[in-house]
1. Which of the residues spanning region 122-146 are under 20 Å from Arg73 (Cα atoms) and either at pLDDT below 90 or not in a strand (DSSP E or B) (or both)?
2. Restricting attention to region 129-150, which residues are open to solvent by 40 Å² or more (accessible area, probe 1.4 Å) and not charged (D, E, K, R)?
3. Confirm whether Arg110 is open to solvent by 50 Å² or more (accessible area, probe 1.4 Å) and over 24 Å from Glu88 (Cβ atoms).
4. What number of residues in region 35-62 are modelled with pLDDT under 80 and either open to solvent by less than 90 Å² (accessible area, probe 1.4 Å) or assigned to a helix (DSSP H, G or I) (or both)?
Amino acid sequence: MILLRSWNSMGNRTWHKVFELPEIEIPEEGLPQIEIEKEFEAQVPYEITTWNEYVDLREIPNIEQKVVEEYKRVRQMIAEKKINELKEYFGPSYQEIGVTLYQSQKDIERDWIGTVNIINKYYSEELQPIEEYRILFSTNGKSITLKSKNLMDYQVL
C-alpha cells in the first residue's frame, strides 16, 4: 500500500491511502529489490511552471563565461556575507523546493536559516576558488553547474 502524508491548515499531519500494491511472491532466497512500473496521475496542491520557461543553455553562446561570472558574483556575496541579497537571490528556489516537499513556510525559513548559519560559520578565505572545474548540464540542458575537477563531484561554491 502506498501512503501519502499532508498537513492541514492546523499543521496536523494526515495520511491518505492511495493504492494497493499487487501481491508479490517472494522466493525463499529473497530479492535484492522489487520494481513495479505503473503510470499514475498525482493531484498536488501546487503547480510548478518555471521549468517550462527555461531554455536549453547549451545553445547560448559564451555560456561558460556567463556562468563563471555568475558564480563569481554569488561567491562574492557569500564572502561578504550579504545575507539579504543572498536571500533575494536564492529565495525563490527555497520556496519552490519547499512547496514541492510540502514544507510549511516555517520549515522553508528554517532551511534558509541553516544555510545562513553555514555562510556565517566560514571565513571568505575558506571558500573554494572557481578554478579547475568542469561544466555539467542537466535537466535536458536547462540547468548548469560547475563541478570541481579536484574534489570528486563537489560543486565549486
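The values are calculated or read from the model by the stated rules, or taken from the named source; none is laboratory data. Predicted model only: the values in this text are computed from it and were never measured. Every residue, glycine among them, receives a Cβ derived from its backbone with ideal geometry; neighbour counts consider all protein chains shown. In case anyone asks, the SASA skips ligands and DNA or RNA and just uses the protein heavy atoms, side chains included. Shrake-Rupley method; radii C 1.70, N 1.55, O 1.52, S 1.80 Å.
1. If the condition is that a residue be under 20 Å from Arg73 (Cα atoms) and either at pLDDT below 90 or not in a strand (DSSP E or B) (or both), then Tyr122, Tyr123, Ser124, Glu125, Glu126, Leu127, Gln128, Pro129, Ile130, Glu131, Glu132 are the ones that fit.
2. Answer for region 129-150, where residues must be open to solvent by 40 Å² or more (accessible area, probe 1.4 Å) and not charged (D, E, K, R): Pro129, Tyr133, Ile135, Leu136, Phe137, Ser138, Thr139, Asn140, Asn150.
3. No; evaluated as a whole, the condition is false for this residue.
4. Residues meeting the conditions: 9.
Residues are listed down the side, and each one gets a yes or a no for (1) of a type in the set (A, V, I, L, M); (2) within 26 Å of Ile48 (Cβ to Cβ):
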| residue | (1), (2) |
| --- | --- |
| Lys66 | no, yes |
| Gln76 | no, no |
| Gly98 | no, yes |
| Tyr122 | no, no |
| Ile130 | yes, no |
| Arg134 | no, no |
| Ser143 | no, yes |
| Lys149 | no, no |
